[in-house]
Amino acid sequence: VRHLLGIKNLTENDIQLILATAREFKDVINRPIKKVPSLRDITIANVFFENSTRTRLSFELAEKRLSADVVNFSASGSSVKKGETLLDTVNNILAMKVDMIVMRHSSPGAPHYLSDRIHANVVNAGDGTHEHPTQALLDSFSIQDKLGEVAGKRVAIIGDILHSRVALSNIFCLQKQGAEVMVCGPTTLIPKYIAQLGVKVSHDVREALNWCDVANVLRIQLERQQIKYFPSLREYSLYYGITKKMLDELDRPIVLMHPGPINRGVELTSEAADSHHSIILDQVENGVAVRMAVLYLLAQMSRR
Ligand code: CP
């Protein structure tokens, strides 16, 4: 395996290897000296055609903690604006002796297209509405951290499932590890094919919260909506918004997750997002260790 393009084609063993390796790296980055020399012979380009805060910074920190050389590319301000193609852009970056490409792109399948045409490793940092594999891995790592294991847990993914790459990668990742998954949201934001993936479907957020051990809450992705969807943000927050009171009143504690960015006051109130139920910032912390593991394992396989 030379690339990480998605979770769909990983085995449970692949996932466990990445999570176990991430656990070792989490120990490393909690030491006073947070760096190891593992990738000092590797140069990585973070190629972002879409906006990002967490994923881009987390990959860059992961690369630096592994002692890789790092270059960052953002489409805005680049020659993409003059009409240069994706492949020309990446081939020019590779000509500067780059070994790995970490790419975010708005088109589903863009990293797959690239991986068929270049010799460097490709890591998908989110491709349109398709997959966001490192997010799903860090989410599973965070569930392991909090609840001991993923197997047997009930995870409700609540929100805009239709436009979410996080939802799809999480469904694959959780099911491969033996978790049960429910998706919850308005009918207009749940794709019809989703039931074929073996997940439960609910349109009632209270039902989802009462059912689950973990609620992974997603934002409404207005930037991906081609037409005006029902509900509006105000209607969404009225029917699906999660408050601290709703979490406090559950019969048993649940873990609240969100991949970020949060639309405070829409899918979550600030009180809920910042409450003791939430592990949202732990997810961000764990992202660095998980991305170190992915980069380290891909580099190891390429050296063989
Ligand atoms: N979770 C996530 O992908 O956040 P960013 O878009 O900020 O990278």
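Since every read-out is calculated from the coordinates, none of them should be taken as a lab result. Note that the coordinates shown come from a computational prediction; the quantities given were computed from them, not determined experimentally. Neighbour counts are summed over all protein chains in view; Cβ atoms, including those assigned to glycine, are modelled from backbone coordinates with ideal geometry.
Summary of computed values
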item	result
Acute angle (nearest 10 degrees) that the helix 165-176 long axis makes with the longest principal axis of the chain, alpha-carbon atoms	80
Dimensionless Rg ratio for region 256-304, taking C-alpha atoms and the 2.2 N^0.38 Å reference	1.63
Cα shape, region 12-79, gyration tensor, a/c 1.5 rule	prolate
Separation of the Leu197 and Ser76 label points, Cα + 7 Å toward Cβ, nm	2.9
Rg(Cα)/(2.2 N^0.38 Å) for region 133-283, N = residue count	0.94
Sum of side-chain charges, Leu168 neighbourhood, beta-carbon under 11 Å (Lys, Arg +1; Asp, Glu -1)	0
Burial ranking of peptide ranges 108-118, 21-31, 288-298, 54-64 (average Cβ count within 10 Å, highest at the top)	288-298, 54-64, 108-118, 21-31
Rotationally averaged projected area of the chain (alpha carbon convex hull; nm²)	15.8
For region 79-209, the spread of Cα positions along each principal axis, largest first, Å	53, 34, 21
Region 246-276: GluC sites (Glu not before Pro) falling in loop per DSSP and having at most 11 other Cβ within 10 Å	Glu249
Crossing angle, helix 280-303 versus the chain [Cα axis fit, 0-90 degrees, rounded to tens]	40
Region 147-253: trypsin sites (Lys or Arg not before Pro) in DSSP coil with no more than 15 other Cβ atoms inside 10 Å	Lys228
Calculated diffusion of region 126-172, Stokes-Einstein form, Kirkwood radius summed over Cα pairs, 4 °C and 1.567 mPa s, µm²/s	117
Set of lysines with alpha-carbon distance to Lys26 below 27 Å, sequence-local pairs under 8 removed	Lys8, Lys34, Lys35, Lys64, Lys146, Lys153, Lys176
Whole-Hz couplings from phi, Karplus 6.51/-1.76/1.60, listed for region 20-25; x for Gly and Pro	5, 5, 4, 4, 5, 5
Radius 15 Å from Cβ of Leu238, net charge of other residues (Lys, Arg +1; Asp, Glu -1)	0
Summed side-chain charge close to Asp69 - residues other than Asp69 whose Cβ falls under 11 Å, Lys, Arg +1, Asp, Glu -1	0
Glu207/Asp14 FRET efficiency (R0 35 Å; Cβ-Cβ; nearest 0.05)	0.60
Convex hull volume per residue for region 35-135, taking Cα atoms only, in Å³	97
